[in-house]
Amino acid sequence: MGDIELVLVQLFVIIALAQVAKMVCTWIKVPTVIGEILVGILIVNTFIYDFIDLETNRDFFDVLKELGVIFLLFTVGLETPFSTLRKVGKTALLVATLGVILPFIAGFVFMTFMGYGELESLFVGAAMVATSVGITARVIKDLDLTQSIESRVIIGAAVIDDVMGMIVLAIVVGVAGGGSLDIIHVAVVSLEAVAFVLAVIFIGSLLLPKVVEKRQKKRLEQTCLTDKKKNGFNPLPLALIVCFALSALSAYLDLAAIIGAFLAGMAFGEFRDRFPCEQKIEPITEFLSPFFFIFVGIGVVLDAFSDVLLIAVILTILAIITKFIGCGLGSLKLGGKSAAIIGVGMIPRGEVGLIVASLGLSMFIVEEPIYNAVVFMCMATTLIAPALLVMTFKMKNKKQDKAPRFKTQEPQ
């Protein structure tokens with residue numbers, strides 16, 4: 001079988017299995033990302049891996065995997081433009097901050113206590129940081145509670161949480177590139193990561209909007225509406241240029257390429273009204289992103305998993321408790337039941353934790369057993385959170401149903 005014929009067979013098998021898993025997940029109402037990971041676990045731990053000779057073209061699929069996560073982070077950024085960071089209240093900022101600090105410390109301290117190296121402990125701590133808001137947002141939408149204060153705080157905190165998570169990841173990757181946990185090196189990497197993020201935020205949210213607005217005013221003065229429509233352009237190439245440029249710059253600075261992709265999405269999200277590209281870029285993301293999650297699953301060798309089952313369970317418990325306590329404390333002024341809802345809503349790690357773990361594995365910092373434990377933690381928190389969120393919302397609404405409903409003041 002020739003190279004192209006083999007690639008086509010491999011694509012057929014992988015995409016077919018992914019679609020079947022997606023249909024099953026939709027039917028039993030669990031996140032489709034779980035099904036994609038399970039497909040990868042099935043492939044690598046059965047005859048399928050050798051049957052389709054996947055090892056032969058791993059370099060090709062590694063490229064698809066990396067492109068998948070770049071486009072995934074870009075589209076996440078599109079949904080969270082920089083301007084939204086300025087609109088969320090102080091409560092959301094406090095929730096996000098405590099929800100980053102506690103899990104990171106818990107993960108790092110636990111892994112160090114278990115005798116693992118500093119760099120591996122840093123990656124595990126980073127994997128426990130960022131919240132996957134997609135799962136929570138879907139549950140909130142299904143409950144028709146998108147306008148509740150708890151929902152707004154969760155979404156706002158998740159946006160800040162993502163930015164903080166990217167900064168933490170940038171620092172950890174930079175430290176890993178240095179080979180050791182040196183205070184001076186950490187400080188330099190931290191400043192470099194923060195400077196890069198702040199520079200992109202400044203250009204994307206303050207400088208570019210003013211330039212674009214000024215240019216549009218000038219164009220309106222010089223051309224009529226008909227001419228403007230004739231001279232319109234497809235925003236997709238521009239979006240791809242911005243995405244790849246910032247991803248490449250991020251990688252050049254020894255930060256993860258996905259950090260640049262995420263910031264590019266946030267920057268381009270500022271112009272979504274003028275240059276809408278979500279509908280055009282979504283099919284690309286929909287095609288490529290499953291490869292990332294499938295190959296996350298392919299990295300899970302079940303023979304190595306039995307050795308770290310206890311660590312996986314403890315990491316999952318720590319991930320749940322630290323997010324619940326940290327985010328709950330940050331929103332305690334809204335009331336105990338509201339704090340519980342927000343704490344639960346920030347629990348799922350989903351794709352963000354998987355990205356960190358995959359990056360650690362590819363850099364040979366995280367070993368296979370610990371990678372498996374982090375994947376277990378991400379999957380478990382993603383599955384547990386929706387049921388807990390429904391339960392906490394119901395607990396609060398039971399008491400409120402007996403009393404008149406009043407509009408509650410927005411958190412500051």
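Values computed for the structure shown
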{"quantity": "Residue list for region 327-365, filter: outside any helix (DSSP H, G or I) and more than 21 Å from L38 (Cβ to Cβ)", "calculated": "S331, G335, M346, M363, F364, I365"}
{"quantity": "Check on G299, closer than 26 Å to M379 by Cβ, touching an Asp or Glu at 6+ places or on another chain (Cβ under 9 Å) and either surrounded by 15 or more Cβ atoms within 10 Å (Cβ to Cβ) or among the charged types (D, E, K, R) (or both)", "calculated": "yes"}
{"quantity": "Restricting region 9-43 to residues that are of a type outside the set (V, I, T) and part of a loop (DSSP other than H, G, I, E, B), the residue that is farthest from G68 (Cα to Cα)", "calculated": "K29"}
{"quantity": "Matching residues in region 335-356 - criterion: being in contact (Cβ under 8 Å) with a residue 60 or more places away in the chain and over 12 Å from the mean Cα position of the chain (by Cα)", "calculated": "K337, S338, I341, I342, G345, M346, I347"}
{"quantity": "Out of V300, V296, sole residue that is in contact with a Leu (Cβ under 6 Å, 6 or more places away or on another chain), at pLDDT below 85 and either of a type in the set (S, T, Y) or over 30 Å from L208 (Cα atoms) (or both)", "calculated": "V296"}
{"quantity": "Given (1) closer than 21 Å to I34 by Cβ; (2) β-branched (V, I, T); (3) assigned to a helix (DSSP H, G or I), index of the condition V300 fails", "calculated": "(3)"}
{"quantity": "One residue from V44, V63 being out of contact with any Pro (no Cβ under 8 Å at 6 or more places or on another chain), touching a residue at least 60 places away in the same chain (Cβ under 8 Å) and closer than 23 Å to I355 by Cα", "calculated": "V44"}
{"quantity": "Scope region 84-139; condition closer than 12 Å to I154 by Cα, outside any helix (DSSP H, G or I) and either at pLDDT 90 or above or in contact with an Asp or Glu (Cβ under 8 Å, 6 or more places away or on another chain) (or both); matching residues", "calculated": "G89, T131, S132"}
{"quantity": "Yes/no for A373 being surrounded by fewer than 24 Cβ atoms within 10 Å (Cβ to Cβ) and either aromatic (F, W, Y) or modelled with pLDDT of 90 or more (or both)", "calculated": "no"}
{"quantity": "Unmet criterion (only one of (1) buried (at least 19 other Cβ atoms within 10 Å of the Cβ); (2) within 29 Å of S250 (Cα to Cα); (3) not hydrophobic (A, V, I, L, M, F, W, C)) for E79", "calculated": "(1)"}
{"quantity": "Members of region 95-123 found to be over 22 Å from G330 (Cα atoms), surrounded by fewer than 22 Cβ atoms within 10 Å (Cβ to Cβ) and in contact (Cβ under 8 Å) with a residue 40 or more places away in the chain, listed by number", "calculated": "F110, M114, Y116, E118, L119, E120"}
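Every residue, every condition in (1) β-branched (V, I, T); (2) surrounded by 14 or more Cβ atoms within 10 Å (Cβ to Cβ); (3) under 17 Å from the mean Cα position of the chain (by Cα); (4) assigned to a helix (DSSP H, G or I), yes or no:
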{"position": "I259", "(1), (2), (3), (4)": "yes, yes, yes, yes"}
{"position": "F268", "(1), (2), (3), (4)": "no, yes, no, yes"}
{"position": "P290", "(1), (2), (3), (4)": "no, yes, yes, yes"}
{"position": "I294", "(1), (2), (3), (4)": "yes, yes, yes, yes"}
{"position": "L315", "(1), (2), (3), (4)": "no, yes, no, yes"}
{"position": "F324", "(1), (2), (3), (4)": "no, yes, no, yes"}
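The values are calculated or read from the model by the stated rules, or taken from the named source; none is laboratory data. Since we're looking at a predicted model, the values are computed, not measured. Positions of Cβ are generated from backbone atoms using ideal geometry, with glycine treated the same way; all protein chains shown enter the neighbour counts.
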